[in-house]
Amino acid sequence: MATTRQRFNFNFMGKRKQAAVFSGLLLGISLFSLVTQQLNLGIDFTGGTLVEVGYQQTVELEQVRELLSATEFGDAAVQYFGSARDVLIRVAQVEGKNSADLSGELIDILKQSGQTVEIRRVEFVGPQVGEDLQEDGGLALIYALIMIFIYVAFRFQRRFSVGAIAALAHDIIITIGFFSVLQLDFDLTVLAALLAVIGYSLNDTIVVFDRIRENFHRMRKGTPVEVVNTSLNQTLTRTLITSLTTLLVLTALFFLGGELIRPFSTALIFGVIIGTYSSIYVASPVTLALGINRQDLMPVEKEE
């Protein structure tokens, strides 16, 4: 028996079929939404002009949209930015006009409401830059997964590596699908959060795999399912404490960090939750399904 104290005795692997159905359902919804609705890409990827304006009094978003609907900016995205007096307007690229021209025209249109309006911030991203950022962001995710596969294969065993990559791909697809289903803005901060989710989920998975490897050596008569269950129960306290403390920080960022940090914290909150789930119900079951056993983890004996 393992000498490590075990506080829980949950039969995690007894529910792995139900978990597989649940994960398949989430993946299906995510992929369906990505195909039909796609992502609500932010200005970082699509290109265009972002204008932040400030009013002296509160203003209704519908009033702003009505003023813009009769102009060439009818498709502009309008939202509050922290308060009901601060408004963020995202305008698609207009050929032949620079950001100064666009912001000037927007202010003239918004002043028709009779309120005093001032420009707080103007950002411009060219379409070519947006396309390059999309390509580079996708490559960053792919390179990260390839390096993780190599690392886990060297540290543990190839079957563990497949399980880790399956869990990470599961987390990325479902997190991106979450943004697609709710049509939340997907910008560079969300992409950075995805890379952070990969690191968090991998760390959790590595801890579980390390304990599985130890218990395969200690539990001589245990079956692979028993070894995995014991390992998950032994690391459960650590997993819960790490996840809860991380979520406390991210929740504070979500409510107090302002609009700029909110997409980042949203992606991380959802990613931490789904990453904790996948380290238990995706990485380990996939490794078991590939037929991991004690012989795979025993060191190779050197011949004299």
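The values are calculated or read from the model by the stated rules, or taken from the named source; none is laboratory data. Please read these numbers as outputs of a predicted model, since none were measured by experiment. Note that we place each Cβ from the backbone using ideal geometry, even for glycine, and neighbour counts take in every protein chain shown. Remember, those area values only see protein heavy atoms, side chains included, never the ligands or the DNA or RNA. Shrake-Rupley method; radii C 1.70, N 1.55, O 1.52, S 1.80 Å.
A few notes on this one:
- Meets criteria (β-branched (Val, Ile, Thr), in the same structural domain as ILE146 (by TED's automatic domain parsing) and closer than 19 Å to THR287 by Cα) for THR237: no
- In the condition set (1) touching a residue at least 12 places away in the same chain (Cβ under 8 Å); (2) among the acidic types (Asp, Glu); (3) assigned by TED's automatic domain parsing to the domain that holds ILE29, ASP86 is compliant with all but (3).
- Any hit, segment 174-183, residues being hydroxyl-bearing (Ser, Thr, Tyr), part of a helix (DSSP H, G or I) and either touching a Leu at 6+ places or on another chain (Cβ under 7 Å) or open to solvent by less than 40 Å² (accessible area, probe 1.4 Å) (or both): yes
- Single match in VAL78, VAL64, VAL59 (criterion: in contact with a helix residue (DSSP H, G or I) (Cβ under 8 Å, 6 or more places away or on another chain), in a strand (DSSP E or B) and either assigned by TED's automatic domain parsing to the domain that holds PHE254 or under 21 Å from ARG262 (Cβ atoms) (or both)): VAL78
- Within segment 16-50, if we keep just the residues that are at pLDDT 90 or above and of a type in the set (Phe, Trp, Tyr), the residue that is nearest to LEU106 (Cα to Cα) turns out to be PHE32.
- Filtered by the rule that a residue be outside any helix (DSSP H, G or I) and among the small types (Gly, Ala, Ser), segment 215-244 gives a lone residue, GLY222.
- Remark: pairs (first residue in segment 55-66, farther than 17 Å from GLU118 by Cβ; second residue modelled with pLDDT of 85 or more and among the hydrophobic types (A, V, I, L, M, F, W, C); Cβ separation under 9 Å; 6+ apart in sequence or on different chains) = LEU61/VAL87.
- Selection status of GLN37, touching a Ser or Thr at 6+ places or on another chain (Cβ under 8 Å) and assigned by TED's automatic domain parsing to the domain that holds GLY257: yes
- Checking SER278 against (1) of a type outside the set (A, V, I, L, M, F, W, C); (2) touching a Gly at 6+ places or on another chain (Cβ under 7 Å); (3) within 22 Å of GLY14 (Cβ to Cβ), the condition it does not meet: (2)
- Residue satisfying condition, being modelled with pLDDT of 90 or more, crowded, with 19+ Cβ neighbours inside 10 Å, assigned to a helix (DSSP H, G or I) and not basic (Lys, Arg), within set ILE212, ILE280: ILE280
- Annotation: of all residues in segment 89-115 being closer than 13 Å to THR71 by Cα and surrounded by fewer than 14 Cβ atoms within 10 Å (Cβ to Cβ), the one that is modelled with the highest pLDDT is ASP108.
- Top-ranked residue of segment 36-78 - restricted to ones that are of a type in the set (Ser, Thr, Tyr) and farther than 18 Å from LYS97 by Cβ, ranked as least open to solvent (accessible area, probe 1.4 Å): TYR55
- Test: residue in segment 250-261 that is acidic (Asp, Glu), closer than 30 Å to VAL87 by Cα, more than 14 Å from the chain's Cα centre (by Cα) and surrounded by fewer than 20 Cβ atoms within 10 Å (Cβ to Cβ): yes
- Exactly one residue among ILE146, ILE119 is open to solvent by 50 Å² or more (accessible area, probe 1.4 Å) and not in a strand (DSSP E or B), and that residue is ILE146.
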